[in-house]
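*Asks:* My structure is below; once you've seen it, I'll send some questions.
The values are calculated or read from the model by the stated rules, or taken from the named source; none is laboratory data. Model, not experiment: these values are computed from the prediction. So basically every Cβ, Gly included, is an ideal-geometry build from the backbone, and we count neighbours across all protein chains shown.
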Amino acid sequence: MSELLFEQIGTPHKGGIVAVCDHASNHVPDGIELGVPAELMEKHIAWDIGAAGVTERLARRHDIPAHLACISRLVIDLHREEDSPGLIPEMSDGHLIPGNIGADRERRIRDYYIPYHQAMAEWLDAAEPGLILSIHSFTPALESDAQARPWEIGILYNQDDRAAQHALRLFAAQGVKVGDNEPYSGRLLNATMNRHAEAHGRPYLAIELRNDLIEDEAGQARWAAMIADIAGRVAQELE
């Protein structure tokens, strides 16, 4: 298999800050046919809009090395537990994903999920980071639930809230409308950080950015700069 499963940008430094982005791409590998219209592949169901741009800027402009996925979350959701029913979604925000009905689950896990997470584990073990950033984005309102999500940024956490509590305070001090375990609870959806951070005692920030704020380069630059600044201050607080 020659598909690129992930991209790593920059060289981590022991005790430094790194970033990961599980939903960076809407790419569908050769040999997989999802049966989804092209326009839907540009929407939030296929990837986290703007998240890759923010993460790449963190790596290239702010010296925060990054590990980014290179396949769509509709092929396999790398930010779910291996036994999760939503790992290979048959429906997403009200849209049917025909190619995932009866899909070879074990093959996709073997070909995409396991290599991605093994590579991340090796990268983090070598890096020994002082803080991990997990970068995601969310849509202002789901098609299947019109309730508005007013937060500009959300900070998610499960059991380990060491970094999160500092970040919530610091973002609020910037006048940002910040969600505390919103728009999702990290106690329910925190698979990658549970596996690679909490299980190893590594401090982390699981960050959700509202995607209408990072659709263009200006928005991505603004939020990358703010995240880099606050992440640096959080890392200092944790020392």
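*Asks:* Taking the criterion of being more than 23 Å from residue 114 (Cα to Cα), touching a Ser or Thr at 6+ places or on another chain (Cβ under 9 Å) and of a type in the set (Lys, Arg), would at least one residue in region 158-173 satisfy it?
*Replies:* no
*Asks:* Go through 31, 99 for me and flag whichever is surrounded by fewer than 16 Cβ atoms within 10 Å (Cβ to Cβ) and either free of Cβ contacts under 8 Å to residues at least 24 places away in the same chain or not in a loop (DSSP other than H, G, I, E, B) (or both).
*Replies:* From the options 31, 99, the qualifying one is 31.
*Asks:* Further, regarding this structure: Return the residue satisfying two criteria in turn: it lies in region 102-123 and is among the aliphatic types (A, V, I, L, M) and in a helix (DSSP H, G or I), and of such residues it is nearest to residue 35 (Cα to Cα). Walk me through it before giving the result.
*Replies:* Of all residues in region 102-123, those among the aliphatic types (A, V, I, L, M) come to 103, 109, 114, 119-121.
Remaining after also requiring in a helix (DSSP H, G or I): 109, 114, 119-121.
Details: 109: 20, 114: 24, 119: 29, 120: 30, 121: 32 Å.
Within region 102-123, the match that is nearest to residue 35 (Cα to Cα) is 109.
*Asks:* A follow-up question, please. In region 49-63, which residues are in a helix (DSSP H, G or I), in contact (Cβ under 8 Å) with a residue 60 or more places away in the chain and either more than 14 Å from residue 24 (Cβ to Cβ) or among the hydrophobic types (A, V, I, L, M, F, W, C) (or both)?
*Replies:* Those that are in a helix (DSSP H, G or I), in contact (Cβ under 8 Å) with a residue 60 or more places away in the chain and either more than 14 Å from residue 24 (Cβ to Cβ) or among the hydrophobic types (A, V, I, L, M, F, W, C) (or both): 51, 54, 58, 61, 62.
*Asks:* A follow-up question, please. Identify the residue in region 1-13 that is assigned to a loop (DSSP other than H, G, I, E, B) and in contact with a helix residue (DSSP H, G or I) (Cβ under 7 Å, 6 or more places away or on another chain) and, among all such residues, is nearest to residue 91 (Cα to Cα).
*Replies:* By that ranking, first place goes to 5.
*Asks:* Next up: Based on this model, can you work out whether residue 191 counts as touching a Lys or Arg at 6+ places or on another chain (Cβ under 6 Å), modelled with pLDDT of 95 or more and more than 29 Å from residue 82 (Cβ to Cβ)?
*Replies:* Against the criterion (touching a Lys or Arg at 6+ places or on another chain (Cβ under 6 Å), modelled with pLDDT of 95 or more and more than 29 Å from residue 82 (Cβ to Cβ)), residue 191 does not qualify.
*Asks:* Quick test for you: out of 199, 235, 231, pick the one residue that is in contact with a Pro (Cβ under 9 Å, 6 or more places away or on another chain) and under 20 Å from residue 128 (Cβ atoms).
*Replies:* Of 199, 235, 231, the one residue that is in contact with a Pro (Cβ under 9 Å, 6 or more places away or on another chain) and under 20 Å from residue 128 (Cβ atoms) is 235.
*Asks:* Just checking, how many residues over region 192-213 are among the small types (Gly, Ala, Ser), surrounded by 21 or more Cβ atoms within 10 Å (Cβ to Cβ) and under 18 Å from residue 118 (Cα atoms)?
*Replies:* 1
*Asks:* Can I ask one more? Let me spell it out: the conditions are (1) within 27 Å of residue 40 (Cα to Cα); (2) in contact with a strand residue (DSSP E or B) (Cβ under 6 Å, 6 or more places away or on another chain), and residue 164 meets all of them except one. Which number is the exception?
*Replies:* Against the list (1) within 27 Å of residue 40 (Cα to Cα); (2) in contact with a strand residue (DSSP E or B) (Cβ under 6 Å, 6 or more places away or on another chain), residue 164 comes up short only on (1).
*Asks:* Would you point out the residue of region 172-223, among those that are touching a helix residue (DSSP H, G or I) at 6+ places or on another chain (Cβ under 6 Å) and of a type in the set (Phe, Trp, Tyr), that is nearest to residue 145 (Cα to Cα)?
*Replies:* Ranking the qualifying residues of region 172-223, first place goes to 223.
*Asks:* I'd like the full set of residues that are part of a loop (DSSP other than H, G, I, E, B) and closer than 19 Å to residue 105 by Cα, limited to region 64-78.
*Replies:* If the condition is that a residue be part of a loop (DSSP other than H, G, I, E, B) and closer than 19 Å to residue 105 by Cα, then 70, 71, 72, 73, 74, 75, 76, 77, 78 are the ones that fit.
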